[in-house]
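What follows is calculated from the coordinates using simple rules that are stated; it is not laboratory data. Note that this is a predicted model, so its numbers are computed, not measured. A quick note on method: Cβ atoms are made from the backbone with ideal geometry, for glycine too, and the neighbour counts reach across all protein chains shown.
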Amino acid sequence: MIAVLDTLVAVRRTAMDLLARREHGRVELTRKLRQRGALPEMIETALDRLTEEGLLSESRYLESFVSYRARSGYGPLRIREELSQRGLQRSDVELALRECGIDWQVQLEDTWRRKFSGHLPIDARERAKQGRFLAYRGYSMEMIGRLFSGRSMDD
């Protein structure tokens with residue numbers, strides 16, 4: 001049985017249930033509440049109150065999302081794109097990526113080692129294959145080139 005979200009209390013309760021499972025951004029939470037039949041005015045009121053109370057936080061959501069996706073082997077380009085698609089402000093996304101404390105070159109090397117067992121490409125075909133995989137994961141061609149040439153980011 002699906003709960004009807006026809007009161008402010010019901011909308012708030014549903015939003016809190018969603019937030020209890022994991023952090024959500026305001027846009028994502030709005031979309032989920034609309035899908036459950038809540039009215040836009042009630043959603044805005046409930047989310048404003050949750051934000052005032054500190055239960056809904058875009059910065060916490062960004063921090064959580066960046067950390068989770070980085071641990072899953074994704075790079076900054078992919079994470080930036082995913083967050084932009086979720087309706088977050090570009091400046092907030094950039095700030096979260098800068099302040100996350102992740103060494104992206106180390107993250108790239110770890111992802112590469114897990115996928116390719118630390119074997120550098122022996123020919124152009126293998127180099128292209130590994131490069132495509134890492135680029136798809138969200139690492140820049142500059143970072144990938146440094147990895148393949150054995151140079152650090154300081155070189």
- In nm, spacing of pseudo-spin labels at E82 and D110 (7 Å Cα→C-beta vector): 1.4 nm
- Query: Taking only Cα atoms, what is the 0 to 90° angle, nearest 10, from helix 76-85's long axis to the longest principal axis of the chain?
  - Reply: 30 degrees
- Find the relative contact order for region 88-155 and round it to a whole percent, using C-alpha pairs within less than 8 Å whose residues are 6+ positions apart. 27 percent
- Task: Subtracting the Cα-Cα distance from 0.36 nm times the residue separation, let me have the gained length for S67 to S91 in nm, one decimal.
- Result: 6.9 nm
- Only Lys, Arg (+1) and Asp, Glu (-1) charged, at Cβ; the chain dipole about Cα centre in debye: 740 debye
- Task: Measure nothing but the geometry: give the 0 to 90° angle between the long axis through the Cα atoms of 58-71 and the longest principal axis through the Cα atoms of the chain, rounded to 10°.
- Result: 40 degrees
- Going by alpha carbons, how many degrees (0 to 90, nearest 10) lie between the helix axis of 26-35 and the longest principal axis of the chain? 60 degrees
